[in-house]
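Step one of this worksheet: look at the structure below.
The values are calculated or read from the model by the stated rules, or taken from the named source; none is laboratory data. It should be emphasised that the depicted structure is a prediction, and the values quoted were computed from it without experimental measurement. Ideal geometry is used to build each Cβ from the backbone, glycine not excepted, and the neighbour counts take in all protein chains shown. The protein model used for the area step is the full one, side chains on, heavy atoms only, and it has no ligands, DNA or RNA in it. Shrake-Rupley method; radii C 1.70, N 1.55, O 1.52, S 1.80 Å.
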Amino acid sequence: KQEVTQIPAALSVPEGENLVLNCSFTDSAIYNLQWFRQDPGKGLTSLLLIQSSQREQTSGRLNASLDKSSGRSTLYIAASQPGDSATYLCACENFNKFYFGSGTKLNVKP
Amino acid sequence: EAGVAQSPRYKIIEKRQSVAFWCNPISGHATLYWYQQILGQGPKLLIQFQNNGVVDDSQLPKDRFSAERLKGVDSTLKIQPAKLEDSAVYLCASSLVASTEQYFGPGTRLTVT
């Protein structure tokens, strides 16, 4: 069974800092990996989806990379803003089954 | 484009009572998912539909949970009878087809007392 881990569980940074969120998974036979953002009391918002054949995806200030061989994905946020404060979750798809990490709670201080 | 709609947004029930949640996916999305998210954890997939057929329900506690997606559009998730450990947020998501980007609804927060 796939195990998805996100470290750290919480992160607090000053505004303007570049930061990296980590996601690791135990089974490299993933079909895709998706990064989400979750605001308190809200559903999940898709940020980036990386297919297994891809190495990275970019959207604005966000860049996600995927290294299947090492079982890792990173989400890079450039020039962080207070509006980026949220919980970030990664999810792996293996054979139509989806596995989420517990998330990293990010706080960007003004 | 309208997003995924869910109702109710909040529900409080006593243990052993029944409850039902409703989800309306994005128009044209063939795949629909129900997730359970316990506080402080990531979502756990309960059931996945492709049109009105079940793709995966391996983590659905079938002795008390049931779900249906009649006509391949709206879906309902039912819990009967509820237990204290069912307290969670129930999220519905949809995607155009399987293995593509998922779009989530706002969720239903269930509290079982």
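If you take the charge dipole of the protein assembly as shown about its Cα centre, with +1 on Lys and Arg Cβ and -1 on Asp and Glu Cβ, which of B:ASN24, A:CYS92, B:ALA67 is farthest toward its positive end? Positive-end residue among those listed: B:ALA67. Going from the isolated chain to the complete set of protein chains, the range A:39-84 loses at least 20 Å² of heavy-atom accessible area (1.4 Å probe) at A:GLY41, A:GLY43, A:LEU44, A:SER46, A:LEU49. Here's the list of aspartates and glutamates a cross-link from A:LYS97 could span, going by alpha-carbon distance under 16 Å and ignoring same-chain residues fewer than 8 apart: A:GLU3, A:ASP27, B:ASP56, B:ASP57, B:GLU101. Residue by residue, the range A:88-100 carries 3J(HN,Hα) couplings of 10, 10, 10, 9, 10, 10, 10, 6, 6, 10, 10, 10, 9 Hz when phi is fed to the Karplus relation 6.51 cos²θ - 1.76 cosθ + 1.60 (θ = phi - 60°); x denotes Gly or Pro. Taking only alpha carbon atoms, the protein assembly as shown gives an Rg to Rh ratio of 0.97, where Rh is the Kirkwood radius. Normalised per residue, the accessible area of chain B is 48 Å², obtained with a 1.4 Å probe and no contribution from ligands, DNA or RNA.
Dividing the Cα radius of gyration by the Kirkwood radius, what Rg/Rh value follows for the range B:12-113? Walk me through the numbers before you get to the answer.
On the way: Rg = 13.0 Å, Rh = 13.6 Å.
Ratio value, two decimals: 0.95.
Could you give the size of the charge dipole of the range A:1-72 about its Cα centre, using +1 on the Cβ of each K and R and -1 on the Cβ of each D and E, expressed in debye and rounded to the nearest 20? List each step's numbers first, then the result.
On the way: 7 positive and 7 negative charges, 34 e Å.
Dipole magnitude for the range A:1-72 comes out near 160 debye.
Can you tell me the alpha carbon radius of gyration of the range B:1-62 divided by the globular rule-of-thumb value 2.2 N^0.38 Å? Let's see the in-between values first.
On the way: Rg = 13.2 Å, N = 62, 2.2 N^0.38 = 10.6 Å.
So the range B:1-62 has a normalised radius of gyration of 1.25.
Only protein heavy atoms count here; under a 1.4 Å probe, A:VAL108 has an accessible surface of about 0 Å². Excluding same-chain neighbours fewer than eight residues apart, the aspartates and glutamates reachable from B:LYS11 by a Cα-Cα span under 16 Å are B:GLU85, B:ASP86.
For the range B:59-113, what mean projected area does the convex hull of the alpha carbons give, in nm²? Each step should come with its number before you reach the end.
Working: hull surface 18.5 nm².
If you wrap the Cα atoms of the range B:59-113 in a convex hull and average its projections, you get 4.6 nm².
Placing unit charges on the Cβ atoms of the charged side chains and taking the dipole of the protein assembly as shown about its Cα centre, the candidate lying farthest along the positive direction among B:LEU96, B:GLN48, A:TRP35 is B:GLN48.
Once the 1.4 Å probe is applied to the protein heavy atoms, chain A comes out at 47 Å² accessible per residue.
Once you have a ≥ b ≥ c as the square roots of the Cα gyration tensor eigenvalues for chain A, tell me rounded if a/c is under 1.5, and otherwise prolate or oblate according to whether a/b is larger than b/c. Don't jump to the answer; show the numbers that get you there.
Numbers: a/c = 1.96, a/b = 1.64, b/c = 1.19.
It is prolate, given that a/c is not under 1.5 and a/b is the larger ratio.
Quick one: ranking B:GLU85, A:GLU93, A:GLU17 by accessible area, 1.4 Å probe, largest first, what do you get?
Working: B:GLU85 115, A:GLU93 0, A:GLU17 80 Å².
Per-residue accessible area, sorted high to low, gives B:GLU85, A:GLU17, A:GLU93.
Around the amide H of B:VAL19, modelled in the peptide plane, lie the amide H atoms of B:ILE79, all under 5 Å away and 5 or more residues distant in sequence or on another chain. Element breakdown for chain A at a 1.4 angstrom probe: carbon and sulfur atoms account for 49% of the accessible area. The phi torsions of the range B:65-74, fed into the Karplus equation with coefficients 6.51, -1.76 and 1.60 and a -60° offset, translate into couplings of 9, 9, 8, 9, 9, 5, 6, x, 10, 5 Hz, rounded to whole numbers, with Gly and Pro shown as x. For the pairing of chain B with chain A, what total accessible surface becomes buried, with a 1.4 angstrom probe, in square angstrom to the nearest 100? When B and A are taken together, about 1600 Å² of accessible area is lost. How large, in percent, is the carbon and sulfur part of the accessible surface of chain B at a probe radius of 1.4 Å? The C+S portion of the solvent-accessible surface of chain B is 52 percent.
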